[in-house]
1. Can you report the number of residues in the range A:108-147 which are at positive phi and either small (Gly, Ala, Ser) or open to solvent by less than 20 Å² (accessible area, probe 1.4 Å) (or both)?
2. Evaluate the range A:22-45: report whether one residue or more is assigned to a helix (DSSP H, G or I) and either within 14 Å of chain B (Cβ to nearest Cβ) or of a type in the set (Phe, Trp, Tyr) (or both).
3. Looking only at the range B:189-217, how many residues end up being over 16 Å from B:Val86 (Cβ atoms), of a type in the set (Ser, Thr, Tyr) and open to solvent by less than 50 Å² (accessible area, probe 1.4 Å)?
4. Six or more apart or on different chains, Cβ atoms under 6 Å: show the pairs whose first residue is in the range A:242-269 and in contact (Cβ under 8 Å) with a residue 24 or more places away in the chain and whose second is of a type in the set (D, E, K, R).
5. Could you tell me which residue of the range A:86-127 is nearest to the chain's Cα centre (by Cα), considering only residues that are of a type in the set (Val, Ile, Thr) and within 14 Å of another protein chain (Cβ to nearest Cβ)?
6. Among what's in the range B:42-64 and is among the hydroxyl-bearing types (Ser, Thr, Tyr) and without any contact (Cβ under 8 Å) to a residue 12 or more places away in the chain, pick the residue that is most open to solvent (accessible area, probe 1.4 Å).
7. Do we have A:Thr57 as more than 9 Å from chain B (Cβ to nearest Cβ), touching a Leu at 6+ places or on another chain (Cβ under 9 Å), open to solvent by less than 20 Å² (accessible area, probe 1.4 Å) and among the polar types (S, T, N, Q) here?
8. Taking the range A:64-85 on its own, how many of its residues are within 14 Å of another protein chain (Cβ to nearest Cβ), open to solvent by 60 Å² or more (accessible area, probe 1.4 Å) and not in a helix (DSSP H, G or I)?
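The values are calculated or read from the model by the stated rules, or taken from the named source; none is laboratory data. Since the structure is predicted, the reported quantities are computational estimates derived from the model, not experimental observations. Using ideal geometry, Cβ is built from the backbone for each residue, glycine included, and neighbour counts are taken over all protein chains shown. Remember, those area values only see protein heavy atoms, side chains included, never the ligands or the DNA or RNA. Shrake-Rupley method; radii C 1.70, N 1.55, O 1.52, S 1.80 Å.
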Amino acid sequence: MTEVQLHSLNKQYGNQHHAVADLSLVAPCGQITALLGPSGCGKTTVLKMIAGLLPPTSGDITFDGQSVRLVPPEKRGAVMAFQNHLLFPHLNVADNIAFGLKMRGEPGAATRQRVEEMLELVRLTGYGRRQPHQLSGGQKQRVALARALIVQPKVLLLDEPLSNLDAHLRNEMRDLILSLQRQLGITTIVVTHDQEEAVILADRVALIFEGKLQQVGEPADFYERPLTEPIARFFGSVNFIPGVKHGSCIETSIGSFSWAGAVDVPDGPVKLTIRPESVLLSDCQQEQSVPGRVLSHVYAGTHTRFKIATTDPALPPLELLADAASQRRFRDGDTVFLHFPPEKIWLIEEPENFATN
Amino acid sequence: MPETAKSLGASAHPFTRSPLLLPLILVSVVAPLIPLLIWSFAHRWFFPAVLPTEWSLRAWSYVFSDSSQVAAALGNSTAVALAVTVLSAVIGLPAGRALGLYEFRGKTAVLFLILTPAIMPVIAVAMGIHVAFLRIGLADSHLGVVLVHLVPVLPYMVLTLTSVFANYNLDFEGQARTLGARPGQVFWHVTLPAIWPGLMVGGLFAFIISWSQYLLTLLIGGGQVITLPVLLFAFANSGDNAITAALSLVFIAPALLLFLFTSRYLTGRNAALGGLGKL
C-alpha cells in the first residue's frame, strides 16, 4: 500500500493564473481521499500531476516518501480513470481491459484469464466481445474501472467517477467502487464537484477553492465544523448570524444565545452558525427563543423548509431558514418562535471585519 | 445502437440515400473511359462511323512490349508517388497535430502559408526551384522529383490531418500512459488507430496528386525521370490515339483501384473529412 503526499504543489499556466496554489496534502495508505471543489478549481489538474501527465510548476509529489517528479507516468504505478471513461474505440471490451497488461508484454493466456476475472469483478461477465459503443454509460464506466484495476496500481485516481451517471446507476457504481476499494485496499484519490459524492465515497475530504486548499478532514467535519463561511455554504445552506462571544454567551443582533460547543473558541467576534435542520420551530415562546414570521415554505417530502424573518420590534429583522418535520404545518404569515439548541450551534471565528457586517 | 445511428444521421449527406447516386457515379466515372477503351483497340476509326471499322491489338501489344518503357514508367510513378505519400505523412503528422490541437500565435499565418501551394499554380515557383535544385544537384534525380511533388501535396495532407486532430481527444494518450504504455506504444496502439482513417484519406490525396504530376516531373526530372504522365504526354503529342488511349487506361487504373480500396475512409462516417468544416 502506498501513501501519496503532495508538498506545496503549484501549477501555473501563463504568467499569473494559478491553477493550483501551494497545495500540501496527504492521501493515507489504502484510504479514499476526495478532492472536492467547484468546477474549474484545479482538481483535475492535481490528479493529472499525480498521474504524471502534467509537470508541476513547483513542489513535489511523493509515493511512500519517494519523489515521483521525474518518474514518467507509465512507471509511476498510478492509474487514472478519466471522467468520460475514454474506452479506446478501436478495441473491444476485453482488449480495452487487457490494454495495460499488453503494454507490459504479459503473455496472452494469463492476460485472458485476468480479463475474465476483471469482467466478473465489475459484473460484466460475457461482455468481452462487445464494442464500446454498444455499452451503456454505466457499463462503460465499469469497463474503465476494470481496465484501471487489472494493472494492480499502487494508486487509483478517479476523475468524477459518478458524474455522468443517472441516479440509480450512481448508487450502483458507488457501491462497486467502495466494495472494490475495500477488497483491494488501493490508495484512491477521487476528484468530484459534488459534496454528496465526496461524503459518500471518501474517508477523507480535501476541499479546494480556486486552486487553494480550504479544509481537510473527515466528511462530518465539513457539515458540523466548517472553518469558514464559504465552506459551510458549499455544504448546504446554513444560517449565519454575526455576533460576539463572551464565555458561553453569544451576543448577536437578534438576541443572545447560550453556546455549548465542544471546541474551544477564543472570546471575540464570531459568526454564529446553525443548520436549518437544527433550528427548532414552535408556536409558543420559550427561553431564548426568537419570534419570527413565516415568509415562504418549500415542501421537500421528508421535511418542509421555511424562510422566516425575525420580528422582534426592538431589533433589526433577519431572514433565516429552518426545517420542520412535514407534519408540522405552519402557513405563510404565521408567527413562530425559533430556538437554537446550544449544542447545535457552531462558531466560525471572525477576523476584525465584524463591525462592517 | 442509438449512438451509431445518430452519428450516421448527423454526418450522412441527403444525397447518399438517393437511389440515383450509384448510377450517377458510375456514369460519371465509367462513361469517359468507354471511348478510351474502344480507341485502344481501334485500328481504323474515322468520322462518321460509330465504332471502329477495323480492330487491332497493336496498341496493347506495344504498351506491354519492352521497348515502350511503360513498365519502367509505371515503376517510377509508383516509387515516386509512394515516397511522396510516406514523406508527406511524416511531415504532415506533427504539423497537423500542432495545428489541430493547439492554439498559438501566428496560427492563421501558418495555415495560410500551408494553403498557398493549393491556391497558387506551382509552375510559378517551379523555375526557381529548378535553378536551386540544379545548384545542389537535385535536378534530374528521383529525389528531386519526390521533393518537388511535396509542394502541391503537402497542403492536402496537412489540412486533412489538421482536421483529424481537431476532433482528437488528447486525454486518450494520457489514459494510455497511466495504464503503462511508453510514448512509442502510445503512438502505435492509440494515436495511429485513431487517426488512421484521416491518414488514409490524406495518403490517397498525396498519392493521386503525385501520380498525376506532369509539368513538375518534366521540369525537375529533366527527362531523366520518366513517369507515366511524361510518357502519356509524349504519345498524346505524337497523335497516335490508340496508344494514347491504352496508356491513359494504364495510367488511370491504379488510381481507380486505390480509390476503391480506400473509399470506405472517404464516407463521412469516421469524421476524417467531416472535421474540415472546423477550419
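1. Just the residues of the range A:108-147 that are at positive phi, to begin with: A:123, A:126.
With either small (Gly, Ala, Ser) or open to solvent by less than 20 Å² (accessible area, probe 1.4 Å) (or both) added as a condition, the list becomes A:126.
Going through the range A:108-147 one residue at a time, the tally reaches 1.
2. Yes, because at least one residue in the range A:22-45 is assigned to a helix (DSSP H, G or I) and either within 14 Å of chain B (Cβ to nearest Cβ) or of a type in the set (Phe, Trp, Tyr) (or both).
3. Number satisfying all stated conditions: 2.
4. A:Pro242/A:Lys271; A:Gly243/A:Glu251; A:Val244/A:Glu251; A:Lys245/A:Asp267; A:Ala260/A:Glu343; A:Pro269/A:Glu350
5. Taking the range A:86-127 and keeping what is of a type in the set (Val, Ile, Thr), we get A:93, A:97, A:111, A:115, A:122, A:125.
Those still in the list that are within 14 Å of another protein chain (Cβ to nearest Cβ) too: A:97, A:111, A:115.
Values: A:Ile97: 29, A:Thr111: 36, A:Val115: 32 Å.
Taking the candidates together, the pick is A:Ile97.
6. B:Thr53
7. No: the conditions fail for A:Thr57.
8. 2
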